[in-house]
1. More than 19 angstrom separation, counting every C-alpha pair in the range B:1-155; what % is that?
2. Can you sort B:44, B:59, B:134 from fewest to most other Cβ atoms within 10 Å of each residue's own Cβ?
3. Take the Cβ-Cβ distance between residue B:64 and residue B:36 as r, set R0 to 22 Å, and report the resulting FRET efficiency rounded to the nearest 0.05.
4. Residues of B:97-104, mean number of Cβ from any other protein chain within 10 Å of their own Cβ, rounded to a whole number?
5. Taking the alpha-carbon set of the range B:1-59, what are its Rg and Dmax in Å?
6. Rounded to the nearest 0.05, what FRET efficiency do residue B:177 and residue B:77 give with R0 = 35 Å and r taken as the Cβ-Cβ distance? Could you check?
7. Along its three principal axes, how long is the range B:56-116 when you only count alpha carbons? Whole Å, largest extent first please.
8. At a Förster distance of 45 Å, what's the computed FRET efficiency of residue B:93 paired with residue B:193, Cβ-Cβ distance as r, to 0.05?
């Protein structure tokens, strides 16, 4: 089973 | 006051078809730069970024920056009522709660107005820094669509690996495994048929095929697609929208637990 990253972990909230 | 006239109205129809299955509601932002959108899918795994530059419109009037919340399913329903050759004009008043789509037939003998209710959408806006990608692959968009569709009949996850041998798309499922390797090929009659692999560093990443398949809904927008990969970063799948902009999909990678 793979873990799916959340896209918000990579980019900063403006 | 906002008034944007797009002679090639089919572009807007295709743009909507490319994002409506990924995102339900989104804010369209209008500024002097252009008509844009940034939105995430409901599970926050993928992000879509659209830009249609103001220069691409025949007439572009945007008196002040405006953000219009729209349900993309409803917007798509309305745009489906426009003919493929129609000129589409988007109109809205500052502070209004509706947007109007006007469709003009090329011969001007049919003019239709569709008014849609706007909605308040609380959306996060993410800052995406310019990154140097380890590998960038440019290929025919139809080929990429075919690969994603074929692999998703076998497995749920695609591993995309770029080495000096080429780019490999792999999957595995209950019935077996599949590997598709593409090599650089620039000796083609038409430049859009080329496969160009720019490798600064080898890279290998895993992604959910379900999202990749959803991104390929943008295939009718462009003959080519660009896939940018870096270790431990989301992949960027980019389709150009004619000469006026782009639609970029960002997808977070998967890792083995």
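1. Result for the distance tail: 60 percent.
2. If I rank by nearby Cβ atoms, fewest first, I get B:59, B:44, B:134.
3. It comes to 0.90.
4. So the per-residue partner count for this stretch is 0.
5. In order Rg, Dmax, the Cα atoms of the range B:1-59 give 12.3, 37 Å.
6. The computed FRET efficiency comes out at 0.30.
7. 33, 26, 18
8. In this case the efficiency is close to 0.45.
Bear in mind these aren't lab numbers, they're just calculated from the coordinates by the rules spelled out. Note that this is a predicted model, so its numbers are computed, not measured. All Cβ positions, glycine included, derive from the backbone under ideal geometry; neighbour counts span all protein chains shown.
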